[in-house]
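For reference, the structure discussed in these notes is given below.
Nothing in this text is a laboratory measurement; each read-out follows from the coordinates by a stated rule. Quantities reported herein were computed from a predicted structural model and do not represent experimental measurements. Quick reminder, even Gly has a Cβ in these numbers, built from the backbone with ideal geometry, and neighbours come from all protein chains shown.
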Amino acid sequence: MKRFAAIFKKEFKSYFLSPIAYVYLFVFIGLTNWLFFKTFFISNQASMRAYFGVLPIIFLFFIPAVTMRLWSEEKKSGTIELLFTLPLQVVEVVLGKFLAAYAFLCISLIFSFSVPISVAMAGDPEWGPIIGGYAGAFFMGGAYLAIGIFISNLTENQIIAFILGVVITFGMYILGSPIVTFSLPNFAVPVFTFLGLGNHYDSISRGVIDSRDIIYYLSVMGVFVFLNIHFIENRKWR
Amino acid sequence: MIQVQNLKKTYGTITAVDDISFEVQKGDIIGFLGPNGAGKTTTMKILTCFLGATSGTASIGGFDVEKDSFEVRKRIGYLPENAPLYTDLDVLSFLRFIAEIRQIDTAKFASKIDEIIITCGLKSVLRRPISQLSKGFRQRVGLAQAMIHDPDVLILDEPTSGLDPNQIIEIRELIKRIGREKTVILSTHILPEVSATCSRAIIINRGKIIAQGTLDELSSMSKEYVYAKIRGDRSQIEEKLRSFGGAQSVEATGESDGFTMFKLHPVSGRRIAEDVFKLAVANGWSMSELKAEGASLEEVFTQLTRSGQ
């Protein structure tokens, strides 16, 4: 536990020791706010539906950018050798990194509270979908993060980690959408609809928090964290 | 303390470490010597549990590096090649991070850190981000990191690379001091380093151990030469030196101010410097220099590593 805490603390701190965190936060908050307020006054509705509508697309780029360096930088700079010759369990390191990135994501989401606050000042929004939207963003973001970190472990090049991250999360995002499912045989449609990252988010962000959707996201996180651990443990003995 | 048996590591078709075995006793400072690409780093990576061996076993303090990897990693301090560090942290937070992982409690860390700062000369850079430090300081931070938990065994991959001559001397002194209580393995391709710090050396080339022993043992593996600087007719002197019976071969290696330098390779087991002196006196040659020289580690190394090619 102590070792996990040390990793978590160091990884979280690392975000803020370089300009990365500030650039991310600035771009993330700026972009989402701009995309939201661009249409907010035109539509004249006190709701955040438009905001949560663009969030999955923003996450597609934002989250791989948050996770791309987590392993690839260790590999490139050689610190991975330092890390794995310390008395650490792989699971402590992977969870430390994953949860540090998750904490950073939560901070970005907290910073975006400026949006619901402005909406509340402008009118009287329905709070259910807003809370649901944030819950959806939290769970979907976690799944993206787990995928992103796993991919970062596959390469020592951060740019490749980023691009692969975008491509793979995008692929998983549209898996359940009609673009993919319409060409599939009937029996496969529900499977793909269930596997896609997007559909669960849509239902949560409508304000319908179903335990199946949450279990789905937790399983995606679990699977990729497990794969990450598995890949690292098997690296050594080849 | 360290036991390595028939260790082998292949990467695809390349054999980096080919069936090596050695033992290191407690308190030894072992120099791991070899040309670049000889397999030194790979061996160290296996000993520190970073890589798995293809076959063979290695153990440190009785713990197998593969089966009890965690126990091994607790007991060793490792400075990887080029001292990789988390460069966005400052020196103190980096060392604190390592201490936290090694579960050193705060009180013990507070007392230990002062000692480490002094031994590694880090006082002036303690609050500086590692990214701003010179190679020499990074190397010292790497050493500090390896020693913070008082490990039984220190494994140092090229500890003095990238340092200036003064720093090299400091680090060597430091290693010697540590070696009084701990077991140290250091790798290098710089020969004087081994003569300066190590009690024993293992010479490795192309993944195989080609010689190991104390420095004296290694030096005695090579030949001794006698050098004499004599004035006079070169071919006549050469002839006489060759015919007195003590030298296998005589070679004139250089000439200055009318003196010629002769290099004599004695018949094995014979000490011929005195004979050469007597010969010079008997013939009335003037002589400005006479010395018998054992082979340096350099020569042993060159002879051993070249012959395998």
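Summary table
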{"read-out": "Long pairs among A:Lys13/B:Lys108; B:Lys112/B:Lys176; A:Lys97/B:Lys8; A:Lys97/B:Lys40; A:Lys10/A:Lys75; B:Lys9/B:Lys176, criterion Cα-Cα beyond 26 Å", "value": "A:Lys97/B:Lys8; A:Lys97/B:Lys40; B:Lys9/B:Lys176"}
{"read-out": "Gaussian network model of chain A, springs between alpha carbon atoms under 10 Å - residue of A:Phe162, A:Phe170, A:Phe182 with greatest fluctuation", "value": "A:Phe182"}
{"read-out": "Leading residue at positive end of dipole, the protein assembly as shown (Cβ point charges), from A:Pro56, A:Thr79, B:Phe97", "value": "A:Pro56"}
{"read-out": "Whichever aspartates and glutamates have a C-alpha closer than 13 Å to that of B:Lys208, once near sequence neighbours (fewer than 8 apart) are set aside", "value": "B:Asp18, B:Asp19"}
{"read-out": "Furthest towards positive pole of dipole, B:Thr160, B:Thr13, B:Ile30, structure part the range B:2-214, Cβ charges", "value": "B:Thr160"}
{"read-out": "Computed FRET value (nearest 0.05) for B:Gln248 with B:Ala196, which takes r as the C-beta separation and R₀ as 35 Å", "value": "0.60"}
{"read-out": "Only Lys, Arg (+1) and Asp, Glu (-1) charged, at Cβ; the protein assembly as shown dipole about Cα centre in debye", "value": "340 debye"}
{"read-out": "Cα point-scatterer Debye curve for the range A:115-238, base-10 log of I(q)/I(0) at q = 0.21, 0.22 Å⁻¹", "value": "-1.15, -1.19"}
{"read-out": "The range A:2-235: relative contact order as a whole-number percent, Cα under 8 Å and 6+ apart", "value": "27 percent"}
{"read-out": "Distance (nanometres) between label positions extended 7 Å along Cα→Cβ at B:Thr302 and B:Ser235", "value": "2.9 nm"}
{"read-out": "Directionally averaged projected area (convex hull, Cα atoms, the protein assembly as shown), nm²", "value": "35.5 nm²"}
{"read-out": "Residue among B:Thr260, B:Thr188, B:Thr15 with the largest mean-square fluctuation in a Gaussian network model of chain B, springs linking Cα atoms under 10 Å", "value": "B:Thr260"}
{"read-out": "Beta bridges per DSSP with both ends in chain B, % antiparallel, nearest 5", "value": "70 percent"}
{"read-out": "Percentage of interatomic Cα-Cα distances in the range B:225-293 larger than 20 Å", "value": "14 percent"}
{"read-out": "Centre separation in Å (Cα based) which lies between the range B:81-123 and the range A:33-87", "value": "33 Å"}
{"read-out": "Hydrodynamic radius by Kirkwood, which averages 1/r over all alpha carbon pairs of chain B, in angstrom", "value": "22.1 Å"}
{"read-out": "Of the DSSP H helices in chain B, those whose Cα atoms cover at least 24 Å axially and whose Kyte score averages -0.5 or more", "value": "none"}
{"read-out": "Approximate spin-label separation B:Met287-A:Phe192, in nm, with each point projected 7 Å along Cα-to-Cβ", "value": "9.6 nm"}
{"read-out": "Shielding by partners - mean other protein chain Cβ count within 10 Å, residues of A:70-80", "value": "2"}
{"read-out": "Per-residue Cβ neighbour rank within 10 angstrom, fewest leading, A:Trp71, A:Trp127, A:Trp34", "value": "A:Trp34, A:Trp127, A:Trp71"}
{"read-out": "Chain B, dipole about Cα centre (Lys/Arg Cβ +1, Asp/Glu Cβ -1), debye to the nearest 20", "value": "320 debye"}
{"read-out": "GNM top mover of B:Lys278, B:Lys26, B:Lys176 - chain B, alpha-carbon springs below 10 Å", "value": "B:Lys278"}
{"read-out": "Axial C-alpha extent at least 15 Å, average Kyte-Doolittle at least 1.0 - helices from chain A (DSSP)", "value": "A:20-43, A:49-67, A:90-111, A:127-152, A:158-174"}
{"read-out": "Packing-based exposure ordering (other Cβ within 10 Å, fewest first) of B:Val17, A:Val189, B:Val276, A:Val166", "value": "A:Val189, A:Val166, B:Val276, B:Val17"}
{"read-out": "Cα-Cα separations in the range B:184-309 greater than 20 Å, expressed as whole percent", "value": "52 percent"}
{"read-out": "Isotropic mean projected area of the C-alpha convex hull, chain A (nm²)", "value": "14.8 nm²"}
{"read-out": "Total charge dipole magnitude, chain A, about the Cα centre, Cβ charges on Lys, Arg, Asp, Glu only, Debye to nearest 20", "value": "560 debye"}
{"read-out": "Compactness of the range A:93-187, expressed as Rg and Dmax over alpha-carbon positions, Å", "value": "17.2, 49"}
{"read-out": "Average beta-carbon neighbours from other chains, 10 Å sphere, peptide B:43-55", "value": "3"}
{"read-out": "Chain B: calculated mean residue ellipticity at 222 nm from DSSP helix runs of at least 4, using -39500 (n - 2.57)", "value": "-11000 deg cm²/dmol"}
